[in-house]
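> One structure, pasted below without further comment.
The values are calculated or read from the model by the stated rules, or taken from the named source; none is laboratory data. No experiment lies behind these values; they were computed from the predicted model shown. Glycine gets a Cβ as well: all are built from the backbone with ideal geometry, and neighbour counts include every protein chain shown. Just so you know, the surface numbers come from the protein's heavy atoms only, side chains and all, with ligands and any DNA or RNA stripped out. Shrake-Rupley method; radii C 1.70, N 1.55, O 1.52, S 1.80 Å.
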Amino acid sequence: MLRYMKRFVLLVFLSGCMLTLQAGKQPKDTTLFTYGPNKVTTREFAKGFNKNKHKDSAVKPKEVDDYLDLYKKFRLKVQDAYDMGLDTTADFRTELATYRKQIAKQFLMDANVNDQLINEAYERMKYEIKASHILVFARPDASPADTLNAYKRMLDVKRLIESDSISFENAALKYSEDPSAQDNLGNLGYFTCFQMIYEFESQAYNTKVGKVSKVFRTEFGYHIVKVYDKRPSMGELSARIIKIELNPSPSTEEVAEGRAKINEVYKKLQSGEVFTSLVHQYSEDPGSVIKNGAIAPFTMTSARYPENFKNSAFALQNDGDYTMPIQTASGFYIIQRISLKPLDSLHKMKSTIINKISKDSRQYKNTLAVYEKAKKMYKFKENSKYNKLIKAYLDSSLLEGLLDRDSLKMKNPKLSKSVLFTLAGVKRPYTLDSFAKWLATVQRPASSRSLSNISQNYYEAFRLQMVMDYYEGDLENTSDKFASLYKEYKEGILLFTLMDKKVWSKSVEDTVGLKNYFAQNSDKYVYGNRYDATVFKCASRAIAEELKKDLESGMIIDSIMKKYNRANPLSVGTPQSGKFEQGDNKIVDLAFQFAKPSTKYLIVEDPLIAGRFAVIQIHSFIPAGKKTLNEARGMIISDYQVYLEKIWMDELMAKYPIVVNQAAFEAIKAKMLKP
């Protein structure tokens, strides 16, 4: 829970963190207010305000006044955290390093390369590709001989296909080393951008329909792809569902029962009943029921739904249309189309595409561009004999993933100091020993027996990582934007840490203080009149009247449900039991209106669904009264947190007296209010 609270705090204070001040001349930087020996300038205040306000809304005077109060409290709390040394703790430094890594990602991109990747991805998202592939394994660390052998084998397969000696499907079955080819003959179905690794995706999109691609390599080995179809994206479908659950291995009886239920629901739809009403009455998917049956939008290439589900949904022609019942491995469904949205514009999709690029192998293009930039920035200089030095220094233990840095250093103390490359600003050069130190942390047993090939691959990775690590670690000095953003995250985490210490955790752990607060404020926490009751929703008045008689005769709930739902599984809904205040339950609300003190059973018409009825079994009437501490704990803790924060703020106001430069505030406020 605290993890999500932390994200919330950071969002409140850091939302819009990449926005800049509005266009125009920045306000003169004068002191806005002081708190103890510290000060806040008008520019800092204006920057924070503009980050957190809605960019399209007109600024109101009260918003500026309120933000000044908020910002004063924020500065006081953060200063208290600094004074307590919270920024020096090991936990804080570890957490800050994690956040630093996250925010640094957006600064490790080349603008031109990123724009190319964004535009390329958007163009590809306009289409869905249907393709098959054949794979011959070749590990990235394979020896040159093994790599060449795999390449030649794939070339031979391609020649057989192009000479019509064998069909692509039969070639996949006979030669592909992808295990799934034995079942699907290499068929991948339809896919779109970001659903395959980048190299594979590029070949598929660049190969014409009906043709076979050139032989290409990925991290898995060598491939060829045959493209069968390239169709425009069918868009993104929003839908509602009514679902009857099936166990992972249902019995014949369970399947028949589920089919009977969904068919009864379908009959009700055909007779004119409202889809969303039936969702609440019969659907067994809790996650969608609370959203009136709505599920997350999906496309024809979405992997989370089976093909018959997607095909049925996308076959619907109009919003509001619904499918016949369909069966999948997880249950029976009726799907109603809410809307079908075509691909959004690039402007709307841009942030989503950027996020996907950052998690995709195509991001390596960005990395290489920044790497080359960093090499120039830090005057990268490489020893022209690095290859010979590495060959002389490393031994075959690397092939087993057992290289020992200390042993190498002891064998060749002088050679270990040999410089591989240097970066301006880094006091120590990158040596064979530093390479071996890095190798000891990343090495693993290799399938290849070619030490020179593996050593070269490792060295290229080492060189790239060292340059990029230094560039990333130096961002505070090379990017004002990063330095500002990093400071804001740092202070946001400090704020959370101190709020947790002073307010959130304390309100839960300080049981004595909580009890005392409750004792002093118990009159605030009361129940209204309540009914302890059970509600039975019935398909008709006749069923409700018969059920009432059964309850009066003492029939138990399990027997009632079996009796009424044997012929029609929708006759009586799952009973709801509880203690209800007025407003908690629309049906029980009618008991407050019509029940007498002696009433034990009450038949009412369902206020939400015309023509349906309910039986309210009243166990007891509970008069209004005070809640116990346990009954009101959630509300009391929330109020106690407000109380603790107020006391803390009073202490901070006394510790760090605030003096506002009113003239400076009115001046900056006037500029903020200008349209």
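> Can you tell me which condition G634 does not meet? The list is (1) in a helix (DSSP H, G or I); (2) under 30 Å from Q593 (Cβ atoms); (3) out of contact with any Phe, Trp or Tyr (no Cβ under 8 Å at 6 or more places or on another chain); (4) open to solvent by 70 Å² or more (accessible area, probe 1.4 Å), and all the others hold.
Among (1) in a helix (DSSP H, G or I); (2) under 30 Å from Q593 (Cβ atoms); (3) out of contact with any Phe, Trp or Tyr (no Cβ under 8 Å at 6 or more places or on another chain); (4) open to solvent by 70 Å² or more (accessible area, probe 1.4 Å), G634 violates only (4).
> Same structure, new question: Among the residues of segment 559-599, write down those that are among the β-branched types (V, I, T), over 20 Å from K261 (Cβ atoms) and within 44 Å of the chain's Cα centre (by Cα).
The answer is I587, V588.
> On the given criteria, is N457 polar (S, T, N, Q), touching a residue at least 40 places away in the same chain (Cβ under 8 Å), open to solvent by 30 Å² or more (accessible area, probe 1.4 Å) and part of a helix (DSSP H, G or I)?
Considered against the rule, which asks whether it is polar (S, T, N, Q), touching a residue at least 40 places away in the same chain (Cβ under 8 Å), open to solvent by 30 Å² or more (accessible area, probe 1.4 Å) and part of a helix (DSSP H, G or I), N457 comes out as yes.
> State all residues of segment 438-452 that are surrounded by fewer than 18 Cβ atoms within 10 Å (Cβ to Cβ), touching a residue at least 60 places away in the same chain (Cβ under 8 Å) and in contact with a helix residue (DSSP H, G or I) (Cβ under 7 Å, 6 or more places away or on another chain); if no residue qualifies, say none.
Those that are surrounded by fewer than 18 Cβ atoms within 10 Å (Cβ to Cβ), touching a residue at least 60 places away in the same chain (Cβ under 8 Å) and in contact with a helix residue (DSSP H, G or I) (Cβ under 7 Å, 6 or more places away or on another chain): R449, S452.
> When you scan segment 160-257 for strands (runs of 3 or more DSSP E) that lie fully inside it, which ones turn up with 3 or more residues that are in contact with a Phe, Trp or Tyr (Cβ under 6 Å, 6 or more places away or on another chain) and either surrounded by 15 or more Cβ atoms within 10 Å (Cβ to Cβ) or on the phi > 0 side of the Ramachandran plot (or both)?
By residue number, 221-232, 236-245.
> Okay, moving on. State which residue is most open to solvent (accessible area, probe 1.4 Å) when the search covers only segment 562-583 and only residues that are free of Cβ contacts under 8 Å to residues at least 12 places away in the same chain and over 30 Å from A624 (Cβ atoms).
The extreme case among them is R566.
> For the structure I just gave you, tell me whether S620 is of a type in the set (S, T, Y), part of a strand (DSSP E or B) and open to solvent by 40 Å² or more (accessible area, probe 1.4 Å).
Judged against the criteria, S620 is a match.
> If you go through segment 68-97 one residue at a time, how many are in contact (Cβ under 8 Å) with a residue 24 or more places away in the chain and part of a helix (DSSP H, G or I)?
Total satisfying the criteria: 18.
> Continuing with this model, one more query. Quick one: in segment 523-532, of everything that is over 41 Å from the mean Cα position of the chain (by Cα) and not in a strand (DSSP E or B), which residue is surrounded by the fewest Cβ atoms within 10 Å (Cβ to Cβ)?
Ranking the qualifying residues of segment 523-532, first place goes to D523.
> OK, next. So which residues in segment 131-159 are within 21 Å of Y175 (Cβ to Cβ), open to solvent by 40 Å² or more (accessible area, probe 1.4 Å) and not hydrophobic (A, V, I, L, M, F, W, C), if there are any at all?
Applying the first criterion (within 21 Å of Y175 (Cβ to Cβ)) to segment 131-159 yields 131-139, 142, 145-159.
Narrowing further to those that are open to solvent by 40 Å² or more (accessible area, probe 1.4 Å): 137, 139, 145-146, 148-149, 151-153, 155-156, 159.
Within segment 131-159, R139, D146, N149, Y151, K152, R153, D156, R159 meet the criteria.
> Those residues that are in a loop (DSSP other than H, G, I, E, B) and surrounded by fewer than 18 Cβ atoms within 10 Å (Cβ to Cβ), I need them from segment 413-437; list them, please.
P413, K414, A424, G425, V426, K427, R428, P429
> Turning to a different aspect of this structure: Return yes or no: is K359 modelled with pLDDT of 95 or more and within 28 Å of R463 (Cβ to Cβ)?
no
> Output the qualifying pairs, or none if there are none: Cβ atoms under 7 angstrom, residues six or more apart or on different chains, first residue in segment 39-67 and farther than 17 Å from F665 by Cβ, second residue among the hydrophobic types (A, V, I, L, M, F, W, C) and crowded, with 17+ Cβ neighbours inside 10 Å.
Hits for this filter: K51/C17.
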